[in-house]
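Every number in this text was worked out from the coordinates using simple rules, so none of it is lab data. Note that the coordinates shown come from a computational prediction; the quantities given were computed from them, not determined experimentally. Please note: Cβ atoms are built from the backbone with ideal geometry, for glycine as well, and neighbour counts cover all protein chains shown.
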Amino acid sequence: MLQNGSAVNNGVNVAALLDARQALTNAPEAARFKWRATCNWVNGTHSRSTVSSFYGLGGEQMRKVEFKYDCDHPEVFASEDNGATPVEMVLVGLASCLTAGVAAVAQHRKIQLRKVTAHLEGSMNIQGILGIDADVRNGYDGIKVIFDIDADATKEEIAALVAQSQRRSAVFDIITNPTDVAVEVR
Amino acid sequence: MYADVVIIGAGHSGLAMSAFLSQHCVDHVVLERGQVANSWRRERWESLRLLTPNWLSRLPGHRYDGDDPHGFMALPEVIAFIEHYARLIAAPVRTGVTVMSVTERDDRYHVITDADDWFCRCLVIANGAHGVANVPPAAARLPPFVRSLTAKEYRRPQDLDDRGVLVVGASATGVQLADEIQRSGRQVTLAVGEHIRLPRRYRGRDIQAWMETLGLLDQRIDHVDDLVRVRRLPSPQLVGAPATLDLNALTERGVELVGRLEAVRDGRALFSGSLRNQCAMADLKQQRLLASIDRWLEQNPYRLEVPEPDRPVATRVPERPRLWLDFKRIGTVLWATGFRPDYSWLHLPVLDAKGHLQHEGGIVGAPGVYALGLNFMRRRKSSFIHGAEDDVRELGYELLAHLDALDVCDQPPSRLEATGWNLVEASFVSP
């Protein structure tokens, strides 16, 4: 922790987050969010997703810009490699969620961050998705995250940051715990 | 029937309040659904011992003075301790009286029981923090051939069949039950969520002694950052025995650690992939507590003669923790997923949307109603036997003030005879 009293700034508005926490404690309905994505097939395994609106704080919310994400598969899958594979997008989601959490928790604990890098690797036996072995699952059989963090903090304080960011991470929860998924055609 | 004060529950905290009220000549009655110390008699497993050492076992005017101050009371000793206290203070206990309902009527509380009905001006809710065993919704999806048992119902390993046992929850209750069931020869799988790891002893002293020395047991609710969170904290992994009982000890005995039980689906239990982080967090928190003990020793001018730091090793998590378990291997699921107080009989506007009692340090949001013995109610020690003393004294004076305020123009219909029992004289009476 900084001992000299200078202001810690990780670019996180903790006061606003704490205000939101207080406000949403008293207004549980406003805390119900719906996150959305729309995906259009382009060609082959190439697809393009867009993200713009979401629902929250009791109403529809719209972003200033629409975000676009191309997904495809690499050439070794006989694809054109127009973007990251969907399973890599999952890693992106986890990495971004944990990293944002590290920044927020660090700000709250008055720890100045200088550099945070997360390296992610998910291991997968593709005999599952290829239907070769019914005992092999489709998804990752494990994900490893390694953080390199340069900050004004002890090793233990940094470990506690990373632990707390997992504890409060939506994507960590989504990946580690079962989620009910309903897929329909209309 | 009328009493100025009705105390619900003749456990240690209800009796401590009774002692206080007798000392101040306040007309009161203690209603007890069973016998004195009922939940200790009927709702605990056989091998249970108190998590606090004997020297810490005290109630107002009464403390342990046997020959094993560093031992831990077994269940019959706890019952005897509380029973003796009830006799010592001549508590006006009506046993075998179950409270069915409490309502407000004409500025009085109306207590309907399966025996007499009572009216009172003050109500003390001392029916315990462990009235109902929490069971997660997943329990409803267990296959029919699996026995579902709560920690309140469990008595001894011999009552279980020989198949594997899934113990859900790794706090004080879960680790103790996992340990004794594994020792009985049944394979235990232990589902581990958020937990608090504590060594039984550190640097030659019991951890409770350190926590008392550091002032942690006396820590008050206005000295914690997030009261809601600390009140929800699970009980530390402790056992009333000289040795530490942590996840590493259980792993050595053959217990398999898995993540938090998240769902039951297609005849399988599904476990969270968060085991590593749950253990990492518990390790970090434990190290912080032990570091604060080391710091205290360095700073304190009156140093105790203590051995060097003996920090416990990190929790060993399986290389690839199991994510699911087929119930074909399991005979019993044992829910050690915490407890909550039973307020099903309490028909006053004092419960929030989730059914939690709304109170400020035990002062409930209805005039003259007080709670006792809840987790971190006024202090960290509030739910412990030794925690009753300070809480009862403070809430007791609140109660007296409330009665006096009403007494200005209205004498209560009856007063108990002064018992003659003096709190100070009795302070070192042996059990």
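Annotations for the structure displayed:
- Region B:229-246: number of residues that are surrounded by fewer than 16 Cβ atoms within 10 Å (Cβ to Cβ) and more than 17 Å from the chain's Cα centre (by Cα): 3
- Taking first residues from region B:56-71 that are within 23 Å of B:Leu238 (Cβ to Cβ) and partners that are of a type in the set (A, V, I, L, M, F, W, C) and part of a loop (DSSP other than H, G, I, E, B), the Cβ contacts under 7 Å between residues at least 6 apart in sequence or on separate chains come to B:Ser57/B:Leu50; B:Ser57/B:Met73.
- Condition broken by A:Ile132, with the remaining ones in (1) in contact (Cβ under 8 Å) with a residue 24 or more places away in the chain; (2) more than 10 Å from chain B (Cβ to nearest Cβ) satisfied: (1)
- With respect to being within 14 Å of chain B (Cβ to nearest Cβ), without any contact (Cβ under 8 Å) to a residue 60 or more places away in the chain and closer than 21 Å to A:Ala95 by Cβ, A:Ile143 fits the description.
- Within region A:81-107, tally of residues that are in contact (Cβ under 8 Å) with a residue 12 or more places away in the chain and touching a Pro at 6+ places or on another chain (Cβ under 9 Å): 1
- Residue check for B:Ala366: assigned to a loop (DSSP other than H, G, I, E, B), more than 30 Å from B:His62 (Cα to Cα) and touching a residue at least 24 places away in the same chain (Cβ under 8 Å): yes
- Criterion: within 12 Å of chain A (Cβ to nearest Cβ), surrounded by 14 or more Cβ atoms within 10 Å (Cβ to Cβ), out of contact with any Pro (no Cβ under 7 Å at 6 or more places or on another chain) and of a type in the set (A, V, I, L, M, F, W, C) - qualifying residue of B:Ala263, B:Ala249, B:Ala280: B:Ala280
- Test: B:Leu290 is within 12 Å of chain A (Cβ to nearest Cβ), in contact (Cβ under 8 Å) with a residue 12 or more places away in the chain, crowded, with 19+ Cβ neighbours inside 10 Å and within 16 Å of B:Arg205 (Cβ to Cβ): yes
- Single condition B:His223 does not satisfy, out of (1) surrounded by 14 or more Cβ atoms within 10 Å (Cβ to Cβ); (2) away from chain A (no Cβ under 14 Å); (3) without any contact (Cβ under 8 Å) to a residue 40 or more places away in the chain: (1)
- Residue list for region B:6-62, filter: basic (Lys, Arg) and over 19 Å from B:Gln176 (Cα atoms): B:Arg33, B:Arg58
- Of all residues making up region A:162-186, the number that are within 10 Å of chain B (Cβ to nearest Cβ) and either within 16 Å of A:Val102 (Cα to Cα) or not in a loop (DSSP other than H, G, I, E, B) (or both): 11
- In region B:266-277, the qualifying residues are those that are closer than 10 Å to B:Glu194 by Cα and buried (at least 24 other Cβ atoms within 10 Å of the Cβ), and the one that is nearest to the other protein chains (Cβ to nearest Cβ) is B:Ser274.
- On inspection, A:Val8 does not qualify as in contact with a His (Cβ under 6 Å, 6 or more places away or on another chain) and within 27 Å of A:Gln107 (Cα to Cα).
- Strands (runs of 3 or more DSSP E) lying entirely in region B:83-179 (those with 1 or more residues that are in contact (Cβ under 8 Å) with a residue 12 or more places away in the chain, closer than 20 Å to B:Leu15 by Cα and among the hydrophobic types (A, V, I, L, M, F, W, C)): B:99-105, B:108-113, B:118-120, B:122-125
- Filtered residues of region B:344-371 (kept if surrounded by fewer than 17 Cβ atoms within 10 Å (Cβ to Cβ) and hydroxyl-bearing (Ser, Thr, Tyr)): B:Ser344
- When B:Asp342 is tested against (1) in a helix (DSSP H, G or I); (2) among the charged types (D, E, K, R); (3) more than 14 Å from every other protein chain (Cβ to nearest Cβ); (4) within 30 Å of B:Lys152 (Cβ to Cβ), only condition (1) is not met.
- Residue in region A:102-112 that is farther than 23 Å from B:Leu261 by Cα, more than 14 Å from chain B (Cβ to nearest Cβ), part of a helix (DSSP H, G or I) and touching a strand residue (DSSP E or B) at 6+ places or on another chain (Cβ under 8 Å) present: yes
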